[in-house]
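**Student:** Please find one structure pasted underneath; my questions will follow.
The numbers here are math on the coordinates, done by the rules we state, and not lab data. Owing to the predicted nature of the structure, the values given are computational and were not obtained by experimental measurement. For neighbour counting, all protein chains shown are included, and Cβ atoms are generated from backbone atoms with ideal geometry for every residue, glycine included.
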Amino acid sequence: MKITGKQIIGYANQSGAGSFKSVAIADNNSAPYFFEEGTAANVDEAARKATEAFKVYKLIPTTVRVKFLEAITSEINSIREVLVAMAQQETHLPQPRLNGEIDRTINQINLFVNLLKEGSWVNAIIDTANPQRQPLPKPHICQMLKPLGVTAIFGASNFPFAFSVAGGDTISALAAGCPVIYKAHFGHPVTSELVGNCIAEAAKKTGMPDGVFSLIQGKTTESGKALVTHPLVKAVGFTGSLAGGKALFDLAVKRDEPIPVYAEMGSVNPVFLLPDKLEDEAVTIAKTLVASNTMGVGQFCTNPGIILMMRSPASEEFLAQYETALAEAAGGKMLTDVIAGSYDKGIKQLKSLQSLKLLCSGAGEENTAIPHAFVVSGEDFIKDKTLFEEHFGPVAILVIADDTKQLTEIAETIPGQLTASVWANQNDVTEFEDLFNILEEKAGRIMINNAPTGVEVTHAMIHGGPFPATTDSRTTSVGSQAIYRFTRPVCFQNYPQQLLPAELQNDNPLGIWRKVDGEMTKNGIA
Ligand code: NAP
């Protein structure tokens, strides 16, 4: 296995400037890999190639685009063992988790393959002409979704496959017909180069234009900034921290031509434990939430970071059970030293707050992140907005409200979240109807009696939410609906059939669902 440490610019490798070190150690060699830092010139070359590629790629029939996506899955599968071994060194995540994540990545690609094969996702709408209409004839008008153009994608460190080089953001953009320039996360550059080569190889084998995919490496933020401000880039997909996503969003809105930035950022994922359910199942709920909070060293954007309940004997029992379960939970080495440093700093800060009481901490060796849980009263929690900030890692704040009124008041103050969960039985559901109405405005996904971690990759999934969970609450970064971020509707008025895309031609050659004169149908138009 050869690692170049260079930028992948279409079908060529290009040198960058300076270098940074990977934590992964080269095979049969004690020296680490070195990577060249991507430059503004590398970004410019990638953007120019991608713009040329777009002219061809957007016209390629869906059947061929499908072959490209399928070839990516074959390439990844063919080096699966090497990928897992490298990602394990770079991220400290265990082998079974990484293998499972490759499966998830391949399932994600297949979801888009099937979406493209079925074809109706383009949202074809046709209003047929009426030349006899009075006082003026009505023209033939139709619309469908078209790709936005060159797309920049940034991936997070905590999913080296599923939210990385061939993750949902990249694949949804490629499926929509957009070339991708990917900014690799400095936490796993070797894994990124290997997966980047898989995409480039798949593109070559299936005859895609040079520049349909590029990958820029970098440890500084310079190449990322150059990417977001490049005039040829037409959209940005980002997964990562609030600080990173907001910085890139702010840069994009200052451009001469503003572009959409779909930044999926952090979240504390509040969990509400309603009284009847808590009385029935304090032990099970405590075990489930501790497992969810500490899984993967707590490094999930859907980690349950705030757990709320009302003061009662059941809440006392829950705290005792949570303490017991957490004392047995192990910590672990975090993804990067930067993330570990932030976690330690966050725990020190929480420990310094008068309003918080340390409930307990879990087990862990030196240089590992140790799980923690703190308790705070509802009254103190409402006063301190900083308690809603994410501390990426295995920590939870348990909030004890005085009564229903205070619990509802807290729910009203929650900033935007990826998820909100409620543990409730039938009585609770009836009694707390208002709470469900409030949460609908706060989160992209609301669940009952489920832990928030473990995001299903399906058609109905929403992995998004109001700011600060994302910069665009109308979209999702997981599931088939993610494709819509990289499209825009184009309307064709009075066009001759030969100029219309197949999706909009009268005889419906692709046999897709379309809305014709207001009715859904697969029939052609006479
Ligand atoms: P991160 O530090 O924000 O990095 C994400 C990417 O953005 C990296 O490529 C990084 O470049 C780049 N970047 C960050 N700040 C930048 C800036 N100011 N200018 C240009 N580029 C910038 O995120 P992370 O540490 O990998 O991930 C942890 C966070 O991601 C947590 O908050 C977690 O909750 C969140 N997350 C969210 C989701 C979701 O779906 N919403 C999923 C997973 C994780 P470098 O590599 O050069 O630093």
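**Student:** For the chain, divide the Cα radius of gyration by the Kirkwood radius and give the resulting Rg/Rh value with two decimals.
**Tutor:** 1.01
**Student:** Calculate the dipole size of the range 122-244 relative to its Cα centre from +1 charges on Lys and Arg beta carbons and -1 charges on Asp and Glu beta carbons; express the result in debye to the nearest 20.
**Tutor:** Dipole about the Cα centre, nearest 20: 320 debye.
**Student:** Report, in whole Å, the centroid distance computed from the Cα atoms of the range 118-139 and the range 281-297.
**Tutor:** Result: 54 Å between the Cα centres.
**Student:** Using a ≥ b ≥ c from the Cα gyration tensor of the range 48-112 (square roots of the eigenvalues), is it rounded, prolate or oblate, where a/c under 1.5 gives rounded and otherwise the larger of a/b and b/c decides, a/b for prolate?
**Tutor:** Cα axes put the range 48-112 in the prolate bin.
**Student:** Shifting gears a bit: Counting alpha carbon pairs within less than 8 Å and at least 6 residues apart, what relative contact order, in whole percent, applies to the range 372-432?
**Tutor:** RCO, the range 372-432: 38 percent.
**Student:** Share of Cα-Cα pairs in the range 348-441 beyond 17 Å, in percent?
**Tutor:** Here the long-distance tail beyond 17 Å is 58 percent of all Cα pairs in the range 348-441.
**Student:** Give the separation of the Cα centroids, the range 182-212 to the range 89-107, in Å.
**Tutor:** 18 Å
**Student:** Hey, another quick one. Determine the calculated [θ] at 222 nm for the chain from helices alone, applying -39500 (n - 2.57) to every DSSP H run no shorter than 4 residues and normalising by the residue count; nearest 500 deg cm²/dmol.
**Tutor:** Value at 222 nm, helices only, nearest 500: -12000 deg cm²/dmol.
**Student:** Okay, moving on. Order 136-145, 223-232 from most to least packed using the mean count of other Cβ atoms within 10 Å.
**Tutor:** Ranking, from highest mean packing down: 223-232, 136-145.
**Student:** Expressed as a whole number of Å, what is the distance separating the alpha-carbon centroids of the range 231-272 and the range 379-444?
**Tutor:** A separation of 25 Å, based on Cα centres.
**Student:** Now for a separate question. From the convex hull of the Cα coordinates of the range 271-448, what is the mean projected area in square nanometres?
**Tutor:** Result: 9.2 nm².
**Student:** Separate question: 7 Å from Cα along Cα→Cβ at both Asp384 and Arg311: what's the point-to-point distance in nm?
**Tutor:** Those two pseudo-labels are separated by 1.7 nm.
**Student:** Between Arg133 and Thr220, what is the label-point separation in nm under the 7 Å Cα-to-beta-carbon projection?
**Tutor:** 5.8 nm
**Student:** For q = 0.13, 0.20 Å⁻¹, what log10 I(q)/I(0) does the range 1-90 give under the Debye formula with an equal point scatterer on each alpha carbon and no solvent?
**Tutor:** -0.65, -1.11
**Student:** Give me the dipole magnitude in Debye, nearest 20, for the range 271-448 about the Cα centre, with unit charges on the beta carbon: positive for Lys and Arg, negative for Asp and Glu.
**Tutor:** 660 debye
**Student:** If the limit is 31 Å between Cα atoms, which of Lys21/Lys287; Lys67/Lys219; Lys21/Lys58; Lys277/Lys383; Lys21/Lys351 go over it?
**Tutor:** Lys21/Lys287; Lys67/Lys219; Lys21/Lys58; Lys21/Lys351
**Student:** Using +1 on the beta carbon of Lys and Arg, -1 on that of Asp and Glu, and nothing else charged, what's the dipole of the chain about the Cα centre, debye to 20?
**Tutor:** 2180 debye
**Student:** Same structure, new question: Quick one: if the Förster radius is 60 Å, what FRET efficiency do Lys21 and Lys146 give, using the C-beta to C-beta distance and rounding to 0.05?
**Tutor:** That gives a FRET efficiency of 0.90.
**Student:** What is the P(r) of the range 203-290, as percent of Cα-Cα pairs per 10 Å bin from 0?
**Tutor:** 13, 29, 20, 15, 14, 8, 0
**Student:** Under the Kirkwood approximation applied to all pairs of distinct alpha-carbon atoms, what is the hydrodynamic radius of the range 88-207 in Å?
**Tutor:** Over the range 88-207, the inverse of the mean reciprocal pair distance is 16.8 Å.
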